[in-house]
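Student: Please read through the structure below; I'll follow up with questions.
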Amino acid sequence: MANVQIIEAAEVTPELVAAFERLIPQLSSSNPAPTETELAAICESEASVLLIAVDRDAEDQILGSLTLAWFRIPTGVRAWIEDVVVDEAARGHGVGELLNRAALDRARELGAKTVDLTSRPSREAANRLYQRIGFVARDTNVYRYNLDS
């Protein structure tokens, strides 16, 4: 996997849809893969970018993805990394690091002051990666309000 490139998904292709059908179950057992329409909304959004890792030596097979979202608030531009997933077969080869570093570079270009992410404690390898590349655990609580209830 020496020839992995991180690119911005600019359009929805059958390969992109198939990749998410394969990747999302590896990320979440409670959420379905996005539809073609949902992927198009992400690709067309002005507030997020869908980064994908492709293997140039394997006909641009999609190995993983993440979404970088950003927004302006009174104290500056903030960015969030969400839904990081690397195919099980590609884990341990630096794909997650390449995706995260590309997201950090893009956030810098956008003028973000910080980049946040969350990661379940059970994702030990992911947490080690985030710490190794410079993320620091914050002394804060993360709350969620479920609008479906």
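Readers should treat all values here as calculations from the given coordinates under stated rules, not as data from a laboratory. Remember, predicted model here, so these are calculated numbers, not experimental data. Don't worry about glycine lacking a Cβ; one is built from the backbone with ideal geometry, like all the others, and counts go over all protein chains shown.
Student: Filter segment 49-63 down to residues that are surrounded by 21 or more Cβ atoms within 10 Å (Cβ to Cβ) and over 12 Å from residue 98 (Cβ atoms), then give me how many there are.
Tutor: Number satisfying all stated conditions: 3.
Student: In segment 64-77, what residues are farther than 23 Å from residue 21 by Cα and either touching a helix residue (DSSP H, G or I) at 6+ places or on another chain (Cβ under 9 Å) or of a type in the set (A, V, I, L, M, F, W, C) (or both)?
Tutor: Hits for segment 64-77 are 70, 71, 73, 77.
Student: Give the number of residues within segment 104-125 that are closer than 18 Å to residue 84 by Cα, of a type in the set (Gly, Ala, Ser) and surrounded by 10 or more Cβ atoms within 10 Å (Cβ to Cβ).
Tutor: The number of residues fulfilling the criteria is 3.
Student: Also, I was wondering about something else. Does at least one position in segment 126-139 carry a residue that is under 23 Å from residue 33 (Cα atoms) and surrounded by 11 or more Cβ atoms within 10 Å (Cβ to Cβ)?
Tutor: Within segment 126-139 (the criterion being under 23 Å from residue 33 (Cα atoms) and surrounded by 11 or more Cβ atoms within 10 Å (Cβ to Cβ)), the answer is yes, since at least one residue qualifies.
Student: Looking at segment 1-17 only, could you name the residues that are in contact (Cβ under 8 Å) with a residue 40 or more places away in the chain and not in a strand (DSSP E or B)?
Tutor: Residues satisfying the conditions are 1, 2, 3, 9, 15, 16.
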